[in-house]
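Colleague: Take a look at the following structure, please.
The values are calculated or read from the model by the stated rules, or taken from the named source; none is laboratory data. For clarity, every value in this text was computed on a predicted model and none was experimentally measured. Every residue, glycine as well, gets a Cβ built from its backbone with ideal geometry; the counts of neighbours run over all protein chains shown.
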Amino acid sequence: MKKKLEISTNQFICLIAGYTLILLEIRYPSVVASKTNQNAWLVPFFSSIYPIIFFTLYWFIYKKHPKKNIFAINNILLGKFLGTIFNFTFAIFLFCYGAIHYAAISLIINTTIVWYYNILQMIFLITVIGVICAALFDIEPLLKISQISLYIVIFVYLLLFLNLRDGSITNILPILIGTSPKLLLKSTYTGIFMFAGFETFMIYLPYLKNKQDYKKIAISIILILVLITSWLTFVCVFYFGHETLTVFYFPVLNYISSIKVPIINNFAFIFIVLSSVNAFKNSSVFFFNFIYLIPEKFRGKFKYLVLLILAVPLYFATKPLTDMILLDSFINKVFLPLTLVIFFNIIILFIVTLRRNSNEKKDSI
């Protein structure tokens, strides 16, 4: 009999934080700087209110249903009709996030490492790698890879301090001045994308070994994401200044290209190669997100069917998103509104849970 999946606390943190940190993070310093100027590096702190509230609300839901994933909980608390609508929306959200990830990794790797492939070949190659890994293995090996890949990502991003001496403190001053509250609010909304992807934790919570570690996991994931995204933005603003920063598509890559390390001829190449470990792992996690939404008794039968069904539309959905203008538009007009729908779903589940708890207390009196 196959042993039931158990995910340790550290593996859970690394899996979710690593899945959230996709390669497109290296673009966002210029996106938020276009609205908030020198205050761009503070945006992740404001945007973090989204995952903070999300984790807090879901904690009350999770306490009542620790062995159920979000699909099952929606059906239990909201009924089959409304539950199915929100479950379908969540599935679309997962698919869109996967398409964005595949487009970003294909675009960035294609323009930096394997330029001799065209972009469609790159998308096809990455999709095939993701499908093969998901078909040959279960998620356990990816949990171990998640631990290694997140540590690699953190190490690589920490190396960005190497060129800070050539930046200027005046580029980040004055702090919280010169940006209107309206633009700061817009950037906070846009900055939510830097945290998108962590919502997948609702799929894997039933397999968490130590259920009491929920709060530790939530705090750890939020801290990792806030510190990394604010750090990436800070070094770019500090080095380039907000006016220069906004002209770059991938400002972190431009910053890395300026780093001179003895012996290493192309530090940007090393950065992309090391970051790709996490990116390729995420390409397989995308498929497991859907596989683990299937009830356990049917999972073995339908695993390969899920891979076949997802792979083709994923490839065709990714193709147009390799245009940077279309990708930005898709994130702002489709993906971020979808994120708000998922958040609204959690608010409704939270309210229903509180009402049921209140009714149970009244019945017990």
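Colleague: Can residue 143 be described as among the aliphatic types (A, V, I, L, M) and under 18 Å from the mean Cα position of the chain (by Cα)?
Modeller: yes
Colleague: Considering only residues of the range 293-341 that are β-branched (Val, Ile, Thr) and in contact (Cβ under 8 Å) with a residue 40 or more places away in the chain, which is surrounded by the most Cβ atoms within 10 Å (Cβ to Cβ)?
Modeller: 318
Colleague: Related question: Could you please let me know if residue 67 is modelled with pLDDT under 95 and surrounded by fewer than 18 Cβ atoms within 10 Å (Cβ to Cβ)?
Modeller: Values: modelled with pLDDT under 95: yes; surrounded by fewer than 18 Cβ atoms within 10 Å (Cβ to Cβ): yes.
It is true that residue 67 is modelled with pLDDT under 95 and surrounded by fewer than 18 Cβ atoms within 10 Å (Cβ to Cβ).
Colleague: Still on this structure: With respect to residue 30, is the statement that it is among the small types (Gly, Ala, Ser), part of a helix (DSSP H, G or I) and surrounded by fewer than 20 Cβ atoms within 10 Å (Cβ to Cβ) true?
Modeller: For residue 30, the condition - among the small types (Gly, Ala, Ser), part of a helix (DSSP H, G or I) and surrounded by fewer than 20 Cβ atoms within 10 Å (Cβ to Cβ) - is not met.
Colleague: When residues of the range 1-19 are filtered for being more than 13 Å from residue 204 (Cβ to Cβ) and part of a helix (DSSP H, G or I), how many remain?
Modeller: 1
Colleague: Being in contact (Cβ under 8 Å) with a residue 12 or more places away in the chain and exposed (fewer than 11 other Cβ atoms within 10 Å of the Cβ) narrows it down to one residue among 152, 169; which is it?
Modeller: 169
Colleague: When the residues of the range 172-200 are narrowed to those that are charged (D, E, K, R) and surrounded by 11 or more Cβ atoms within 10 Å (Cβ to Cβ), which ends up nearest to residue 230 (Cα to Cα)?
Modeller: 186
Colleague: Restricting the search to the range 14-50, which residues are within 16 Å of residue 183 (Cα to Cα) and among the hydroxyl-bearing types (Ser, Thr, Tyr)?
Modeller: Those that are within 16 Å of residue 183 (Cα to Cα) and among the hydroxyl-bearing types (Ser, Thr, Tyr): 28, 30, 34, 36, 47.
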